[in-house]
Amino acid sequence: MKLKKLPIGIEFFEIFQRDDFYYVDKTGLIRDLLNTRGSVNLFTRPRRFGKSLNLDMLKTFFEIGTNPSLFHGLAIWEEKELCEQYLGKHPVISISMKDVEGENFQIAYDMLGAAICEEAGRFDFLLESSRLTQADKDKLSLLIEENFEKSANLHRSLRVLTQLLFKHYRIPVIVLIDEYDVPLDKAYQKGYYPQMVSLIRSLFSQVLKTNKNLYFAVITGCLRIARESIFTGLNNFKTGTISDLRFAEYFGFTSDEVKEMLHYYGLEEKYDILKEWYDGYHFGDADIYCPWDVINQCDKFLQSKDAPMEAHWENSSSNAIIRDILATADETTKSQMESLISGEAVEKTLIPELTYTDLDSDDDEVRQTYLWSALYASGYLTDAGKPNHGVHKLVIPNQEVRRIFEKRIRSWFKAEITSDTSRWKKFCQAVKSGKYIEVQQLFNEFMSVSISIRDTYVRKEMKENFYHGMLLGLLQAEGSWSVRSNAESGVGYTDISLEVPADKTGCIIEVKYAENGMFDQACADALRQIEKGRYVEALRQDGIEVIHRYGIACYKKAVK
């Protein structure tokens with residue numbers, strides 16, 4: 001039997017059946033939306049959790065002229081009355097704002113105009129409509145020709161489209177807007193946030209507020225931007241966030257859906273490792289996997305069942321928000337970060353509605369609350385249980401996200417330490433010279449200002465990797481050295497191997513986590529591993545004459 005293709009990056013619903021891609025059925029969203037919707041419905045979820053595909057599924061279902069066979073055999077097909085009433089029965093406007101950005105406001109303005117121009121072009125048949133006046137057709141022509149020199153044309157563009165579609169079909173219009181918060185995020189980063197807020201507020205107000213031509217609207221994004229900022233004055237506005245019970249299972253994959261996919265591709269034995277790396281999100285009452293990760297890693301396993309686990313979700317973003325938290329971290333924040341990477345929870349009162357201007361607040365508490373709220377909303381943290389009077393018990397959801405935190409912490413640690421050039425150079429010189437007492441003293445000084453990992457839930461090898469990474473960053477900053485991590489040598493793999501070719505000097509470094517502070521035993525274990533594994537062989541083969549062997553034991557913020 002020929003297997004269906006894995007849908008990596010597929011965001012258009014009709015392609016699944018047309019090109020034989022594997023589809024995880026989320027059409028129950030249509031039923032639940034129709035049964036509970038408001039006039040404007042906002043769904044917020046982290047990136048790569050299926051928002052765009054779900055929105056295109058809604059467009060495909062409702063739009064006049066759709067192919068009903070696309071829904072044969074899916075959950076919504078069982079809802080005969082709903083299909084008879086709604087399938088292919090409404091005009092639909094669908095806009096994605098994911099590309100609305102630029103170095104300045106004018107470029108972003110033009111990008112938004114281009115997105116609306118493209119959508120208006122889908123309705124060029126209205127230029128031949130007998131139900132539209134010439135004045136109506138002139139309005140449409142302005143949109144199709146991307147004539148937005150008068151800002152009012154852009155501000156009113158979506159409302160005008162609903163008017164023209166309703167006049168032609170005499171059926172109210174469904175409006176779908178994807179990634180609505182991307183332009184705001186980019187505008188904040190580039191310094192034209194107030195102008196973009198004004199534009200988006202006006203655009204949304206025109207099309208979503210007191211518009212008799214509108215049937216309903218669905219909007220998606222990562223963050224729930226404060227209503228007074230964007231959605232001013234909207235009545236019957238309904239929001240579905242990651243904390244809400246309703247719709248929880250429609251964004252991301254459930255455990256049963258992951259098991260079914262693995263069974264289909266003959267990868268059942270990979271369930272536990274996928275769960276460790278990509279599960280752990282709690283949306284409402286549902287336990288959810290990141291679908292982007294699952295699909296991409298399954299594809300890797302189909303190439304080789306021994307393929308290493310990869311951080312697919314991490315690699316699709318800059319992870320700037322963690323950088324922002326660490327950049328302003330005080331001792332309390334550092335302690336909370338230590339709890340998180342150690343597998344513990346931190347309790348936080350979060351802001352349900354955000355504004356980017358909170359990041360610039362003079363009130364440190366307001367700024368920190370925004371950052372923690374954004375970490376939660378964007379998928380870097382999740383609830384360990386149900387919120388209690390607005391207080392959330394936040395944890396890192398899985399192995400992949402934990403590594404994102406660790407990488408940012410190591411990057412911050414490296415920048416902090418190497419900024420004191422003389423002390424860092426002294427440390428490197430001591431490592432090269434085998435002055436282990438001086439190495440120990442300086443490394444302990446460095447660790448005193450860093451974030452450590454606690455002796456709690458995290459597995460021993462994961463703790464070792466954390467400290468290994470911090471040390472590796474310091475040594476790699478010495479650009480004239482050859483520094484390798486987990487390089488193959490002898491009969492095993494050493495944590496860190498470094499060579500100073502000019503001096504024919506090298507070091508083999510093995511890092512151990514000293515459980516319960518048992519430093520001497522951990523150091524002895526590390527040195528035995530170096531000898532047993534014959535890790536020095538590779539250095540000798542490279543002509544290295546002086547080789548220092550380091551067994552380094554770490555526990556919390558102490559090193560031996």
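The values are calculated or read from the model by the stated rules, or taken from the named source; none is laboratory data. In this text the structure is predicted, and so the values were computed from the model without any measurement. Positions of Cβ are generated from backbone atoms using ideal geometry, with glycine treated the same way; all protein chains shown enter the neighbour counts. For accessibility, only protein heavy atoms count, side chains too; no ligands or nucleic acids. Shrake-Rupley method; radii C 1.70, N 1.55, O 1.52, S 1.80 Å.
Computed values, structure above
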{"item": "Kirkwood Rh, angstrom, region 352-467 [1 / mean 1/r, Cα pairs]", "result": "17.2 Å"}
{"item": "Cα-based Rg of region 280-343 normalised by 2.2 N^0.38 Å, two decimals", "result": "1.49"}
{"item": "Sulfur and carbon atoms: percent of accessible area, region 139-237 [1.4 Å]", "result": "46 percent"}
{"item": "Difference of contour (0.36 nm per residue) and Cα-Cα distance, Ser419 to Glu268", "result": "49.5 nm"}
{"item": "Viscosity 0.692 mPa s, temperature 37 °C, Stokes-Einstein D of region 494-556 from Kirkwood C-alpha radius, µm²/s", "result": "273 µm²/s"}
{"item": "Net length gained if the chain between Lys137 and Arg367 were fully extended (0.36 nm per residue, minus Cα distance)", "result": "77.9 nm"}
{"item": "Area accessible to solvent at His282, 1.4 Å probe radius, in Å²", "result": "60 Å²"}
{"item": "Separation of the Lys98 and Asp19 label points, Cα + 7 Å toward Cβ, nm", "result": "1.3 nm"}
{"item": "Accessible area of region 130-274 divided out per residue, in Å², using a probe of 1.4 angstrom", "result": "44 Å²"}
{"item": "Region 516-560: GluC sites (Glu not before Pro) in DSSP coil with no more than 13 other Cβ atoms inside 10 Å", "result": "Glu545"}
{"item": "Ranked by how many other beta carbons lie within 10 Å on average, peptides 112-120, 295-303, 176-184, 145-153 from highest", "result": "176-184, 112-120, 295-303, 145-153"}
{"item": "Estimated FRET transfer efficiency (Val546, Met1; beta-carbon r; R0 60 Å; 0.05)", "result": "0.45"}
{"item": "Helix axis angle, 51-62 relative to the chain longest principal axis, alpha carbon, degrees", "result": "20 degrees"}
{"item": "Relative frequency of Cα-Cα separations exceeding 28 Å in region 79-218, percent", "result": "20 percent"}
{"item": "Dimensionless Rg ratio for the chain, taking C-alpha atoms and the 2.2 N^0.38 Å reference", "result": "1.14"}
{"item": "³J(HN,Hα), Karplus 6.51/-1.76/1.60, whole Hz, each residue of region 331-336, x for Gly, Pro", "result": "5, 5, 5, 4, 4, 5"}
{"item": "Mean separation of Cα contacts under 8 Å, 6 or more apart, over the residue count of region 227-330: relative contact order %", "result": "23 percent"}
{"item": "Simple spin-label estimate for Thr332 and Arg459 in nanometres, 7 Å along Cα-Cβ", "result": "3.5 nm"}
{"item": "Simple label model, 7 Å out from Cα along Cβ direction - Gln195 to Ser448, nm", "result": "5.0 nm"}
{"item": "Region 423-560 shape via C-alpha gyration tensor axes, a/c threshold 1.5", "result": "oblate"}
{"item": "Spherically averaged projected area of region 228-292 from its Cα convex hull (nm²)", "result": "5.9 nm²"}
{"item": "Estimated FRET transfer efficiency (Leu245, Lys426; beta-carbon r; R0 45 Å; 0.05)", "result": "0.20"}
{"item": "Phi to ³J(HN,Hα) by Karplus 6.51 cos²θ - 1.76 cosθ + 1.60 over region 106-114, Hz, x for Gly, Pro", "result": "4, 5, 5, 4, 5, 5, 5, x, 5"}
{"item": "Spherically averaged projected area of region 319-373 from its Cα convex hull (nm²)", "result": "4.0 nm²"}
{"item": "Cα pair distances of region 205-356 binned at 10 Å [whole percent]", "result": "8, 26, 31, 23, 11, 1"}
{"item": "Length-normalised contact order of region 1-136 in % [C-alpha pairs under 8 Å, at least 6 apart]", "result": "19 percent"}
{"item": "Contour excess over end-to-end distance, with Cα ends at Thr357 and Asp503 and 0.36 nm allotted per residue", "result": "47.2 nm"}
{"item": "Fraction of antiparallel bridges per DSSP, the chain only, in percent to nearest 5", "result": "45 percent"}
{"item": "Net charge dipole size for region 1-149 [Lys, Arg +1 and Asp, Glu -1 on Cβ; Debye, nearest 20]", "result": "780 debye"}
